[in-house]
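The values are calculated or read from the model by the stated rules, or taken from the named source; none is laboratory data. Computed from a predicted model, the values in this text were never measured in an experiment. As a convention, Cβ positions derive from the backbone with ideal geometry for all residues, glycine included, and neighbour counts pool all protein chains shown.
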Amino acid sequence: MPRYSVEEFIEQTSQKDLGEGKFELERDRLLEVNLDGRLWTKKGTMVAYHGDVKFTREGVLEHGLGKFMKEAFTGEGLSLTKAEGEGKVYLADNGKKISIINLQNDSFYVNGNDLLAFEEGIDWDIKLMKKMAGVVSGGLFSIKLEGTGMVAITTYYDPITLKVNKDAPVYTDPNATVAWSGNLKPDMKTDMSLKTFMGRSSGESIQMAFKGEGFVVIQPFEEVAYLTNTP
């Protein structure tokens, strides 16, 4: 294990300006935001900041009645915080790895528990997979993001992206599914034969079925909180 003097430790771990723009990976599990305006973040993920920054919890009807009703259904796991002002804001989420995606008039879906932050100019909406309701507690929800700007998502360990095409559909465990391209609309698939193989003691093995042309991002970890809508 490395040993440092106080001065060496400060030098080794000090914050460094990388000159990469508004979103920078200060560490692979710590996001630095060079804030000049407004930003939306997942509630409870700010770990430090300096400068003239004000944090406000998302207003009840700030994004309209439709989104308010969807948020009430999906639970507190989706709550957002608005950061406004000028300064540096540091975000982290339970030690998960962070990936920065620069949307350029693109759209994609992110599991509601894996969205860390996004720029104000990006349009977003909550999408519910109604076919999952009754099978998964609270159904299955994701956030559709579209437009131009930066988005930060989180994964347990390194994310893996699988290509989807019409001749090769992809089936994933909902607990391990992080994101997918905006043109795909996953369906639900059950497979009794996988129950024993997947280590499930009861019920059918539930999978997400991706068909068409696009991609799906998975993580090598089953995030149970994703299905129970806990923060």
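Evaluate the following for residue 82: is it assigned to a strand (DSSP E or B), of a type outside the set (Val, Ile, Thr), buried (at least 16 other Cβ atoms within 10 Å of the Cβ) and modelled with pLDDT of 90 or more? So residue 82 fits the description; yes. Residue check: is residue 108 modelled with pLDDT under 95, in a strand (DSSP E or B) and crowded, with 18+ Cβ neighbours inside 10 Å? Considered against the rule, which asks whether it is modelled with pLDDT under 95, in a strand (DSSP E or B) and crowded, with 18+ Cβ neighbours inside 10 Å, residue 108 comes out as yes.
Annotation: of all residues in region 7-43 being in a strand (DSSP E or B) and of a type in the set (Lys, Arg), the one that is modelled with the lowest pLDDT is 27. If we scan region 129-151, do we find a residue that is of a type outside the set (Val, Ile, Thr), part of a loop (DSSP other than H, G, I, E, B) and modelled with pLDDT of 80 or more? Among the residues of region 129-151, not one is of a type outside the set (Val, Ile, Thr), part of a loop (DSSP other than H, G, I, E, B) and modelled with pLDDT of 80 or more, which makes the answer no.
Exactly one residue out of 51, 64 is at pLDDT 90 or above and farther than 24 Å from residue 97 by Cα: that is 51. Taking region 192-217 as the search range and keeping residues that are modelled with pLDDT of 85 or more, hydrophobic (A, V, I, L, M, F, W, C) and surrounded by 20 or more Cβ atoms within 10 Å (Cβ to Cβ), which one is farthest from residue 93 (Cα to Cα)? For region 192-217, the residue satisfying everything is 210. Within region 164-179, identify whether any single residue is in a loop (DSSP other than H, G, I, E, B) and closer than 19 Å to residue 25 by Cα, and answer yes or no. For region 164-179, residues in a loop (DSSP other than H, G, I, E, B) and closer than 19 Å to residue 25 by Cα: absent. Of everything listed in (1) over 17 Å from residue 119 (Cα atoms); (2) modelled with pLDDT under 95; (3) surrounded by 14 or more Cβ atoms within 10 Å (Cβ to Cβ), the single unmet condition for residue 4 is (3).
The single condition among (1) modelled with pLDDT under 95; (2) within 15 Å of the chain's Cα centre (by Cα) that residue 189 does not meet is (2).
Residue count for region 142-172, restricted to those that are free of Cβ contacts under 8 Å to residues at least 40 places away in the same chain and either touching a strand residue (DSSP E or B) at 6+ places or on another chain (Cβ under 8 Å) or among the charged types (D, E, K, R) (or both): 4. Screening residue 74 on (1) under 17 Å from the mean Cα position of the chain (by Cα); (2) modelled with pLDDT of 95 or more shows it passes everything except condition (2).
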